[in-house]
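Colleague: One structure, as structure tokens, below. Some questions next.
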Amino acid sequence: MVNSDTLLCICNNVTAGELAECIKQNGFTTLQEILDSECCNVGNKCELCQDEGFDNDGVNIPLILQMVKEKRL
């Protein structure tokens, strides 16, 4: 399970919990919607949070999106 305090996007200093809240508030259902939005502010610099996670830990945007869809975060 991913802790909501886990740093997701090191470039923009966004935690998993902050991204989850942004996803919920805006009703995002796809990675592209998140990347295209300016309110979540993730995935627009080094892009590690889109793939393997900045710490190669697998905590990435698609994982958080899926966890929100499953109401696990």
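The values are calculated or read from the model by the stated rules, or taken from the named source; none is laboratory data. Since the structure is predicted, the reported quantities are computational estimates derived from the model, not experimental observations. Cβ sites come from the backbone with ideal geometry, for glycine too, and all protein chains shown count toward neighbours.
Colleague: For a quick check of your reading of the model, give me the residue pairs whose first member lies in region 29-40 and is within 9 Å of residue 61 (Cβ to Cβ), whose second is in a loop (DSSP other than H, G, I, E, B), with beta-carbon atoms closer than 8 Å and at least 6 apart or on different chains.
Modeller: Correct list of pairs: 34/28; 34/40; 34/42; 34/43; 35/42; 35/43; 35/44; 40/28.
Colleague: Would you check which residues across region 49-60 are in contact with a Gly (Cβ under 8 Å, 6 or more places away or on another chain) and touching a residue at least 40 places away in the same chain (Cβ under 8 Å) and list them?
Modeller: 49, 59, 60
Colleague: When you look at residue 46, is it in contact with a Phe, Trp or Tyr (Cβ under 8 Å, 6 or more places away or on another chain), in contact (Cβ under 8 Å) with a residue 12 or more places away in the chain and not aliphatic (A, V, I, L, M), yes or no?
Modeller: yes
Colleague: Please work out if residue 64 is touching a strand residue (DSSP E or B) at 6+ places or on another chain (Cβ under 7 Å) and either of a type in the set (Asp, Glu) or at pLDDT 95 or above (or both).
Modeller: Here the answer is yes, as residue 64 does meet what is asked.
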